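Reading through the C-alpha cells given below for one structure.
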Amino acid sequence: MADIIQAEGLTKVYHGKVKAVDHISFHVSEGEIFGFLGPNGAGKTTTIKMLNTLASITEGRATVAGHDVAKEPGAVRKSIGVVPQELTADDELSGTENMMLMARLHHVRGSAATAKIGELLRLVDLEDASRRKVKTFSGGMRRRLQLVMGLLHEPKVLFLDEPTLGLDVQTRSKMWNYIKGLNKDRGLTVFMTTHYLDEADSLCERIAIVDHGTIKVSGSPAELKAAHGGDVVTLKLSGGADLTEFFSGIEGVSEVAREGDVYRIKLPRAERALPAIVTGVVQKNLEIQEISFSKPTLDQVFLDVVGRSMRDEEASESDSAWENIRMERAR
Ligand SMILES: Nc1ncnc2c1ncn2[C@@H]1O[C@H](COP(=O)(O)OP(=O)(O)OP(=O)(O)O)[C@@H](O)[C@H]1O
Ligand SMILES: [Mg+2]
C-alpha cells in the first residue's frame with residue numbers, strides 16, 4: 001500500500017525554547033489505522049497540528065495525501081478530517097448549526113449538506129438533541145458531535161486526537177465501531193491518539209510510542225508485545241528434578257524462574273512452545289499439576305518504553321520552560 005502520510009525529521013520548537021517534537025520520521029499506509037501513543041506532553045498533539053497545517057513546521061517535512069504540508073496547505077486541508085483534542089463546537093449554536101457551519105467551511109452545500117448532516121447525526125444518536133444549543137450537551141454528546149463534524153466532507157485521512165476521552169464504555173465502543181466501519185468500507189486512513197491502550201491494541205494495525213518528542217518504538221501491537229514483555233507460562237510440577245536448564249533450552253525461551261515446584265517461563269509466543277514443554281515434562285516422568293499462560297498487554301509495553309520516572313522529570317522540565325516564557329512575556 002502507498003504511504004498516505006510521510007514525515008521526515010519533523011521538528012517543532014515553540015517560542016525558540018520548547019522542543020515539543022524532535023526530528024521524528026514515520027509513514028502511514030493508505031487504509032491503515034495508526035496509533036500515535038505517548039504520555040502527557042510527549043508531542044502527539046503538536047505532531048497532529050503540524051500534519052494538519054495548524055502549526056508551522058520548525059524543521060523537516062511532511063506530506064499528507066500526496067501534498068506537502070508546508071507548500072500546499074489548502075490541498076492537505078481538503079483531504080483531511082480533524083477531531084481535535086480540545087472541543088471546538090460553538091456552545092451558543094445548536095448541533096445542526098455547528099454542522100452547517102462546518103459544511104460551509106468545506107464547501108459542502110445545499111441538499112447534499114442537509115442529507116449528510118442528517119445521516120451523520122443519526123449515526124451518533126444526536127438526531128433528537130441536534131436542535132438544542134451545544135451548551136446543553138453532556139460531555140459525551142459534545143465528543144460525538146465533534147467526531148461527525150470532522151467527517152462531513154468525507155476525508156481520505158481522519159486525525160483523531162483523543163476522541164474518546166471521558167466517554168463511557170458503550171459510547172466508546174459505538175464510536176470505534178463506526179470508525180472501523182468507515183475504515184473497512186471506504187478505506188479511510190485513521191491517525192489516532194488515545195490514552196486508552198486497550199483501544200489502541202484492538203484497533204491499530206501499527207503503533208508508534210513517543211516520548212519527549214521522539215519515537216521510542218514502533219510496530220504492530222503483537223510485535224511490540226513480543227519484544228517488550230513476551231508471554232509467561234506458569235507451570236506447577238509434581239516435584240522431582242530441577243527442570244530449569246531443560247526449559248531454558250527450549251527455542252525462544254528468554255528466562256526461567258523457579259520457586260519450589262513452580263516455574264515461570266518467559267518467551268515470545270507461549271502457544272508455540274507449549275508442546276515442547278509438556279512433552280519434556282512427561283518424558284521425565286513428572287506430572288503437571290497446574291499450567292497457565294498469560295499474554296502481555298500494551299500497558300506493559302508502554303511502561304517498559306516510557307517508564308514512570310521519566311514522566312515526573314518531563315513534567316518539571318516543561319513546567320520550568322513555561323515559567324520562563326511567562327516571565328519573558330510579563331517583562
Ligand atoms: N502553544 C504552545 N506553546 C508552547 N509550548 C507548547 C505549546 N503547545 C504545546 N507545548 C509544549 O509542547 C510539548 C508537547 O505538547 P503536546 O500538546 O504536543 O503533547 P501531547 O503529547 O499531545 O500531550 P497530552 O497527552 O497531554 O495531550 C509540551 O511540553 C507542551 O507543554
Ligand atoms: Mg495532546
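Out of the residues in region 190-230 that are within 16 Å of ligand 1 (Cβ to nearest atom) and part of a helix (DSSP H, G or I), which is nearest to residue 299 (Cα to Cα)? Among those residues, the one meeting the criterion is 197. Would you say residue 144 is charged (D, E, K, R), under 22 Å from residue 183 (Cα atoms) and assigned by TED's automatic domain parsing to the domain that holds residue 18? Here the answer is yes, as residue 144 does meet what is asked.
Out of all the residues in region 283-300, is one or more acidic (Asp, Glu) and under 29 Å from residue 177 (Cβ atoms)? Within region 283-300 (the criterion being acidic (Asp, Glu) and under 29 Å from residue 177 (Cβ atoms)), the answer is yes, since at least one residue qualifies.
Cβ separations smaller than 7 Å between residues 6+ apart or across chains give the following pairs from region 21-39 residues that are farther than 14 Å from residue 206 by Cα to residues that are more than 16 Å from ligand 1 (Cβ to nearest atom) and acidic (Asp, Glu): 25/8. Annotation note: Cβ proximity below 6 Å between a residue of region 78-106 that is part of a strand (DSSP E or B) and a residue that is within 16 Å of ligand 1 (Cβ to nearest atom) and modelled with pLDDT of 95 or more (sequence gap 6+ or interchain) occurs for 82/52; 82/159; 83/160. Does residue 50 satisfy being within 16 Å of ligand 2 (Cβ to nearest atom) and not hydroxyl-bearing (Ser, Thr, Tyr)? Spelling it out, residue 50 is indeed within 16 Å of ligand 2 (Cβ to nearest atom) and not hydroxyl-bearing (Ser, Thr, Tyr).
Going through (1) under 27 Å from residue 116 (Cα atoms); (2) in a loop (DSSP other than H, G, I, E, B) one by one, residue 71 falls short only on (1).
The single residue among 255, 271 that is in contact with a strand residue (DSSP E or B) (Cβ under 7 Å, 6 or more places away or on another chain), charged (D, E, K, R) and not assigned by TED's automatic domain parsing to the domain that holds residue 201 turns out to be 255.
Could you check, for region 228-250, whether at least one of its residues is within 16 Å of ligand 2 (Cβ to nearest atom) and either touching a strand residue (DSSP E or B) at 6+ places or on another chain (Cβ under 8 Å) or at negative phi (or both)? No, region 228-250 contains no residue that is within 16 Å of ligand 2 (Cβ to nearest atom) and either touching a strand residue (DSSP E or B) at 6+ places or on another chain (Cβ under 8 Å) or at negative phi (or both).
The values are calculated or read from the model by the stated rules, or taken from the named source; none is laboratory data. No experiment lies behind these values; they were computed from the predicted model shown. Here the Cβ is made from the backbone with ideal geometry for all residues, glycine too, and neighbour counts use every protein chain on show.
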